[in-house]
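Colleague: The structure follows.
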Amino acid sequence: MDRNGFLKKSITTLAAAVGAAKVTKAEKQAEIVQQVGFEHLPSLNNKTMNSVLHKANTRGHANHGWLDTNHTFSFAHYYDPERMNFGALRVLNDDFVDGGQGFGRHPHDNMEIISIPLAGDLEHKDSMGNVAVIRQNDVQIMSAGTGVYHSEYNKNPDSKVNFLQIWLFPKERNITPRYDQRTFKPEDRVNKLQQIVSPVKEDNGVWINQDAWFHLGNFKKDFKTDYTINKKGNGVYAFVINGDVTINGQKLNKRDGFGVWDTDKLSIAADSDAEVLLMEVPMN
Amino acid sequence: MNILVIGRHPDIQQTILRLLNNQPGWRAAGALTDEEAVDIFAAQPFDVVLIGGGVDESSEAKLAIEFKHRKPDVKIVRHFGGGSGLLFAEVMEAMKK
């Protein structure tokens, strides 16, 4: 078939398919175009039916020499069908990069990419012309949209940088690429939750192209608090950066992950001095 | 396994093709336009189609229907990330469904 023939036939075929089945175009499309991930995968090891526990030592691990990384979800050569994503949260990498080393220029598209340095300095350059160094207490976000190139290097030659690399499926595909970074005061998250990511532009935190809210909390031992879901239907994935906490009755330790859905609220208790990242994301 | 990659960004597509073709037993070809995609699909048997960056929903719908009409068992997947650490799992998950 020639190209004009294809286009004409496609329109005719689409119209016939839509009309015959009495379904909308979007419904028809959804039947045949898959999106891998973007649905939670309950684990057999669940403590309850609406939660999933990922202990730190069950994460995928890869040591490339210059890069020592832990993957909460399937990434690169680590593939576990049970560990694909938590709702829109697709990547949670805990990266340790040697001094002066890093990720060379590489592309991305259609992904919301958040970097949170935990120690050290990370230098970022991208094809939008942004050159920046992000440090502890900074949060960086990049909407890859229609496509960007970037590089990330450890700014310091003689000490490691440790950062969380977090990717979310975007709410809207093919948007214009965008970059932002902000510095947050550490004192504003002592025994409270500090919002660092939000889909509301006027809100606290960097803006994200997804119905997602991230909070950091730095809790003293025995501190207790609740987290209320912002959008009905969202789930929350908690990642323990340091210390020990109990969330909805589940005891968690350093670098454990715990996802909860079908709930309006989480109860959080610090069993020691602890630092926690809460990621509220759409589940479908 | 034969994989067709459709995307509008030439450099990103080259990266995706390089990564896919590095996998033993995987062979990937790319198309930047809908018309090119249809021509390539008609000429070769593909198991998986990755629909990547820049392809709007209208094109996606037309292409999906055309490909399914020609080869009902073809897996058609939205690709996210642009040639990243997600590619391998994305293809493996598509083949499971």
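The values are calculated or read from the model by the stated rules, or taken from the named source; none is laboratory data. For clarity, every value in this text was computed on a predicted model and none was experimentally measured. Ideal geometry is used to build each Cβ from the backbone, glycine not excepted, and the neighbour counts take in all protein chains shown.
Colleague: With more than 14 Å from chain B (Cβ to nearest Cβ) and either part of a loop (DSSP other than H, G, I, E, B) or in contact with a Ser or Thr (Cβ under 6 Å, 6 or more places away or on another chain) (or both) as the only criterion, which of A:D158, A:D188 stands out? Full working, then the answer.
Modeller: Values: A:D188 fails: either part of a loop (DSSP other than H, G, I, E, B) or in contact with a Ser or Thr (Cβ under 6 Å, 6 or more places away or on another chain) (or both).
Step by step, each of A:D158, A:D188 is checked, and only A:D158 is more than 14 Å from chain B (Cβ to nearest Cβ) and either part of a loop (DSSP other than H, G, I, E, B) or in contact with a Ser or Thr (Cβ under 6 Å, 6 or more places away or on another chain) (or both).
Colleague: Moving to a separate point now. Please go through region B:80-92 and pick out each residue that is touching a residue at least 12 places away in the same chain (Cβ under 8 Å) and surrounded by fewer than 22 Cβ atoms within 10 Å (Cβ to Cβ).
Modeller: B:F88 - this is the single residue of region B:80-92 that is touching a residue at least 12 places away in the same chain (Cβ under 8 Å) and surrounded by fewer than 22 Cβ atoms within 10 Å (Cβ to Cβ).
Colleague: From A:N70, A:N93, A:N50, which residue is out of contact with any helix residue (DSSP H, G or I) (no Cβ under 7 Å at 6 or more places or on another chain) and modelled with pLDDT under 95?
Modeller: Being out of contact with any helix residue (DSSP H, G or I) (no Cβ under 7 Å at 6 or more places or on another chain) and modelled with pLDDT under 95 holds for just one of A:N70, A:N93, A:N50, which is A:N50.
Colleague: Let me confirm something: among B:K97, B:K68, which residue is out of contact with any Cys (no Cβ under 8 Å at 6 or more places or on another chain), surrounded by fewer than 17 Cβ atoms within 10 Å (Cβ to Cβ) and at the interface with chain A (Cβ under 7 Å from one of its Cβ atoms)?
Modeller: Within the list B:K97, B:K68, the selection yields B:K97.
Colleague: Would you check if there is a residue in region B:70-88 being more than 30 Å from A:Y78 (Cβ to Cβ), modelled with pLDDT under 95 and in contact with a strand residue (DSSP E or B) (Cβ under 7 Å, 6 or more places away or on another chain)?
Modeller: No.
Colleague: If you don't mind, another one. When region B:19-40 is examined, which residues are found to be more than 9 Å from chain A (Cβ to nearest Cβ), assigned to a helix (DSSP H, G or I) and in contact (Cβ under 8 Å) with a residue 24 or more places away in the chain?
Modeller: Within region B:19-40, B:L19, B:L20, B:A37, B:I40 qualify.
Colleague: Any residue at all in region B:47-59 that is in a helix (DSSP H, G or I), charged (D, E, K, R) and either at positive phi or within 10 Å of another protein chain (Cβ to nearest Cβ) (or both)?
Modeller: Yes, region B:47-59 contains a residue that is in a helix (DSSP H, G or I), charged (D, E, K, R) and either at positive phi or within 10 Å of another protein chain (Cβ to nearest Cβ) (or both).
Colleague: Filter region A:80-94 down to residues that are part of a loop (DSSP other than H, G, I, E, B), within 11 Å of chain B (Cβ to nearest Cβ) and in contact with a Leu (Cβ under 9 Å, 6 or more places away or on another chain), then give me how many there are.
Modeller: Final tally of qualifying residues: 5.
Colleague: Can you report the number of residues in region A:190-221 which are in contact with a Gly (Cβ under 9 Å, 6 or more places away or on another chain) and of a type in the set (K, R)?
Modeller: 2
Colleague: Return the residues of region A:67-79 that are surrounded by 15 or more Cβ atoms within 10 Å (Cβ to Cβ) and assigned to a loop (DSSP other than H, G, I, E, B); say none if nothing qualifies.
Modeller: A:T72, A:F73, A:S74, A:A76, A:Y79
Here's the yes/no breakdown for (1) among the aromatic types (F, W, Y); (2) over 16 Å from the mean Cα position of the chain (by Cα); (3) within 26 Å of B:A89 (Cα to Cα); (4) surrounded by fewer than 16 Cβ atoms within 10 Å (Cβ to Cβ):
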| site | (1), (2), (3), (4) |
| --- | --- |
| A:G87 | no, no, yes, no |
| A:D109 | no, no, yes, no |
| A:G145 | no, no, yes, no |
| A:S151 | no, yes, yes, yes |
| A:F163 | yes, no, yes, no |
| A:W167 | yes, no, yes, no |
